[in-house]
1. Lys/Arg Cβ at +1, Asp/Glu Cβ at -1, dipole of region 62-213 taken about the Cα centre: which of T72, G89, M171 is farthest positive-ward?
2. Please rank R132, R174, fewest neighbouring Cβ atoms within 10 Å first, as an exposure proxy.
3. Within a 10 angstrom radius of the beta carbon, how do K95, K214, K153 rank from fewest other beta carbons to most?
4. For M171, M154, what's the fewest-to-most ordering of other Cβ within 10 Å of each Cβ?
5. So, how do all the Cα-to-Cα distances of region 62-213 break down into 5 Å bins, in percent, from 0 on up?
6. List the relative contact order of region 62-213 as a percent without decimals, with contacts defined as Cα pairs under 8 Å and 6+ residues apart.
Amino acid sequence: MADLPALLKLQAPGPQAMAPGACGVSDSRSNYRQPTDEALPATGFSVRLSPMAVNRIHTPCIGVCSTVFGDTVCRGCSRFSHEVVHWNGYTNKEKSIVWRRLNLLLCQVVDNYFVVADADRLATELDFQNLRYQTQLAPQGWIPELLKAAGSKMIPYEHFGLRALPPTEAMTPRQLYDQISAECHALSQAHYDRSYARPVTLVAELTEHAAREKGLI
C-alpha cells in the first residue's frame, strides 16, 4: 500500500464506517476505514445512476481538446471535430448516438487488456477515490480514469473488480492509459477518414476526372 499514489487509497469504506450517500477520505492512517465483505456486491452489474446522469447527457470532453489545433478527431475524447463544435446544439438522441460509438470503441480496445469481473465493485472504488467516470459508458470505459490516476505506480487490479490480461504485464497504469488512448484515437481517426474524409476525396477525384474529359484541365 505504501507504494501507491496518495490519490489511490485501496480500501472503500464499509457500510458501518460511513453513512449511506456520504463520501470522504481521511488522511490519517489511524482513522483509515477498512471495508467489510458486505460492503461490495460479489457479482452483478447493477451500477447506480445519479439523478443528474439520468436526466442529462454529459459531454465526453475531458478537458484535453486537440481539435482547436486542427485535428479532425479529438485526442482527448475521440469525438469528431464537428461533434465537438456542435455538441451543445445536439438533441439528446444525437448525443446518445455519439456516446454509443465512443462506448463501443472503448470496449473494443479495453477488452484487449482487462476483464471487468465486478462492475459494482469498480464503481464503488472509483466513487471512494473521487474519480470521475461516465455513466453513459460501459464499465470498460471507466478503466482509463483509474489508470490515469494511478500513474506510474502499480496497483492490484483485482481489488477494483478487474482481471488484467497478459498484454498488461510489465506495463505501468500510465503506460496502459497512453496505449489505450492511442489505440482509441487511431480507431476513431480510421472511422472518421472512412466516413467523412474519403467521400470528400472521392468527389474531388470525380470532379477532376470530369474536367479532364472535357479538356478543362
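1. After comparing all options, I get G89.
2. The most exposed by this proxy come first: R132, R174.
3. Ranked by crowding around the Cβ, least crowded first: K214, K153, K95.
4. Working: M171 16, M154 11.
Taking fewest neighbouring Cβ atoms as first place, the list is M154, M171.
5. Distribution as computed: 1, 9, 16, 19, 17, 13, 9, 6, 3, 2, 2, 1, 1, 0 percent.
6. The value is 25 percent.
The numbers here are math on the coordinates, done by the rules we state, and not lab data. Since the structure is predicted, the reported quantities are computational estimates derived from the model, not experimental observations. Counting neighbours? That spans all protein chains shown, and the Cβs are built from the backbone with ideal geometry, glycine included.
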